[in-house]
Amino acid sequence: MDQQQTIELWERCEAARAKARAEAQAAGKAKDDAETLAHEAAKAVWNGWAEQMLAKRKALEEAGEWAAEKDLAGDLEAKNEVTRDWMAEASVDFSNARFLCEAFAHQQKPRVGEGQEESQHADDPLVKSISVEGDSVRFDGFIFPGRADFESAQFSGRADFESAQFSGRADFESAQFSGDAGFGSAQFSGDADFESAQFSGDADFVSAQFSGDAGFGSAQFSGDADFESAQFSGDAW
């Protein structure tokens, strides 16, 4: 998916989250229970799409039509059209996105407006501002079937990726985490790139599994960085 399609999927997830939360609150559910039900509703929308994409890949493999190999940079490169089409459809693009948690809105510089693109300088990449209710951006338990591009993304509140599954390359190069970042028990089946990422809060990678290469070159950890029980099967630096 391109960035617009990615954000449209994200917005459908958040709409499902808001609806489920409102229904739970109307039914008298406790706040924590309502938030749990709300997140399950959002996750069901995202993972419903992701599981369809993984099923398509499995069908291509069983039909002998899947053809891909890693290039010199370590990225998976398609060798035929159907594989190339799947990779384009299965990827998500949050590059340069700015996730603005409402609880921390007062800490952010003025923005052009919700959903609008902005840029400080003519040569800067356009930034997509995404308003998020509460104090965290929640991707915990989400499945990413292809490449997940969060390069230069900015997270104003907590970023939750606990138990997320990254089937393809996970690119967090130069991402900025203003709050805590949770990647506990996340599974990275492809390469994971956190080069030059900035973690202003605590960074939790407890029990994370890196099956491919994991790069943290020039990453900055201002808070605690916890990699207890993390597993690295490929090269790590």
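Every read-out reported here was derived from the displayed coordinates using simple, explicitly stated rules and does not represent laboratory data. Just so it is clear, the model here is predicted, and its values are computed rather than measured.
Here are the numbers:
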{"read-out": "Whole-Hz ³J(HN,Hα) from phi, Karplus 6.51 cos²θ - 1.76 cosθ + 1.60, for the range 224-237, glycine and proline x", "value": "6, 10, 10, 10, 3, 6, 5, 10, 10, 8, x, 6, 9, 8"}
{"read-out": "Cα-only Debye scattering, the range 1-94: base-10 log of I(q)/I(0) at q = 0.11, 0.14 Å⁻¹", "value": "-0.47, -0.65"}
{"read-out": "Cα gyration tensor category, rounded, prolate or oblate, for the range 120-225 with a/c compared to 1.5", "value": "rounded"}
{"read-out": "Debye equation applied to the C-alpha atoms of the chain, log10 I(q)/I(0) at 0.09, 0.10, 0.11, 0.18 Å⁻¹", "value": "-0.39, -0.48, -0.59, -1.51"}
{"read-out": "Pairwise Cα inverse-distance average, inverted: Kirkwood Rh of the range 183-237 (Å)", "value": "11.1"}
{"read-out": "Placed amide H near ILE130: partners under 5 Å, 5+ positions off or other chain", "value": "ARG98, PHE99, LEU100"}
